[in-house]
Structure formats: structure tokens, C-alpha cells
1. Yes or no: the range 93-104 includes at least one residue that is among the acidic types (D, E) and over 22 Å from the mean Cα position of the chain (by Cα).
2. What is the one condition in (1) closer than 17 Å to H20 by Cβ; (2) in a loop (DSSP other than H, G, I, E, B) that A70 does not satisfy?
3. Tell me, yes or no, whether the range 34-41 has at least one residue that is in contact (Cβ under 8 Å) with a residue 60 or more places away in the chain and under 23 Å from S129 (Cα atoms).
4. List the residue pairs whose Cβ atoms are under 8 Å apart, where the first residue sits in the range 50-67 and is free of Cβ contacts under 8 Å to residues at least 12 places away in the same chain, the second is of a type outside the set (D, E, K, R) and not in a loop (DSSP other than H, G, I, E, B), and the two are 6 or more positions apart or on different chains.
5. Which ones in the range 1-58 are of a type in the set (D, E) and out of contact with any Phe, Trp or Tyr (no Cβ under 9 Å at 6 or more places or on another chain)?
6. Can you name every residue in the range 9-33 that is of a type in the set (S, T, Y) and farther than 23 Å from S129 by Cα?
7. Collect the residues in the range 68-118 that are in contact (Cβ under 8 Å) with a residue 40 or more places away in the chain, more than 15 Å from I53 (Cβ to Cβ) and of a type in the set (D, E, K, R), keeping them in residue-number order.
8. Check the range 15-32 and report whether any residue there is under 15 Å from V77 (Cβ atoms), in contact with a His (Cβ under 7 Å, 6 or more places away or on another chain) and in the same structural domain as D82 (by TED's automatic domain parsing).
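The values are calculated or read from the model by the stated rules, or taken from the named source; none is laboratory data. The model shown is predicted, which means the values in this text are computed figures rather than measured ones. Glycine also receives a Cβ, built like all others from the backbone with ideal geometry; neighbour counts cover every protein chain displayed.
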Amino acid sequence: MLSQTAEYALRAIVFLADHHGEPKTAEMIAETSKVPLGYLAKILQGLARNGLIVSQRGLHGGFTLLRSPADVTLYDVVQATDPISRITTCPLNLPGHGTDLCPLHRRLDNAALAVETAFRRTTISQLLSEPTSSRPLCNFPRITPVNPASAAVVTRKTAGAKTAGAKAAGAKIAGNKTTATKTTKKPIKKSR
């Protein structure tokens, strides 16, 4: 029912919404959403042209969602990449049919209308907040601070990633590998 382009665009938007306000590179989006980079680059250009995302150049550049995830619907994303086709006149151009669709084409158009309605009613924010054990559309890691005061200690909610305890113990998490890092303590000067 959905084209591969629309599916890939939805994956990218969901990823950007999950990291709202944080620029993400095309490489990062491609890797985590499992979309081929070359294909994704074209999709991102289309999403930017349609006002859903913005690109930022520079050292801390990347792509960000332009609006709040609560204000972006599945319909917005699909229409920006591969619009849902509705049947308004006889696709066979049969004389006498015109806008009076036959039972087959009327049902096909009703199905397209049902999909369009469901997509208009579903926001990206709803997808992300739906209580489920799996992330929507793709398996990308979500990084959350353990202690908001310390951004250095993080947990990764992915299978195979090490816990925050390893990080706190001086381990460095890179991908799915954990390596020990050497920590040195400086003596604390006591004031008299």
C-alpha cells in the first residue's frame, strides 16, 4: 500500500522526532533507520522542500524536524514523498463513467480514503508515545541521561549494549562494544 520511498521517509521523520531539536547527519539517520544513504539523501531533500525538516551546515549541522512531532502527521510525510492517489474519475476513460465510478474503482477509492483518514489522524508524537516494547518502524537506539545533572552517564536502550553501571565504572561504550577506560584521580586540596 505504501511505497518504499514513503516508508523510508517515515522512518527518517520518526528518528528525527525521537531526537527533536538535535541535528542528525544523513549518515546517522541512514545507519539507524536502515535506509540506503544515497536514497535517503534524495528523500531528505524532498522533506526539506516540503517544509518538514531543515538542514543545517557546519560542525554541529545535520537535519532537524521543523515542527513539533505533535504537529506532523503520517499524512504530511507521505504526501511530501509519494502522495496517496485518489480516484476521482474513471481511470479507463470509459464514456459515461466520468466521475460516476464503477463498484471496483469506488471501493479502491474508499480504501485510499480510509488510509488517508487514518494517516491524517495519526501524529508522529503519537507513534513515539504509544506504550509498546518495540520502537516504531526501525530499531534505533534511544539515549537517555541517567542523571540529568550529568550528561556523561548515559544508558542505551538497545539489545546488547552495556548498562550505565559499566559507564559509571569507567567503561566507554562504543556501538555494542564496551572497553575499559583509564581514570585518574587528582588529589583534592584541603583549605584551612
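1. First, pick out the residues of the range 93-104 that are among the acidic types (D, E): 100.
Cutting the leftovers down to over 22 Å from the mean Cα position of the chain (by Cα) gives us 100.
Scanning the range 93-104 turns up at least one residue that is among the acidic types (D, E) and over 22 Å from the mean Cα position of the chain (by Cα).
2. So A70 meets the others, but not (2).
3. The first filter runs over the range 34-41 and keeps only residues in contact (Cβ under 8 Å) with a residue 60 or more places away in the chain, leaving 34.
Among the residues that remain, those that are also under 23 Å from S129 (Cα atoms) are: 34.
Yes; the residues of the range 34-41 include at least one that is in contact (Cβ under 8 Å) with a residue 60 or more places away in the chain and under 23 Å from S129 (Cα atoms).
4. Partner pairs satisfying both residue conditions: S55/L44; S55/A48; S55/G62; S55/F63.
5. Step one: filter the range 1-58 for residues of a type in the set (D, E), giving 7, 18, 22, 27, 31.
The answer is E7, E22, E27.
6. Taking the range 9-33 as the starting set, the residues that turn out to be of a type in the set (S, T, Y) are 25, 32-33.
Within the range 9-33, just T25 meets the criteria.
7. D82, E116
8. Within the range 15-32, none of the residues are under 15 Å from V77 (Cβ atoms), in contact with a His (Cβ under 7 Å, 6 or more places away or on another chain) and in the same structural domain as D82 (by TED's automatic domain parsing).
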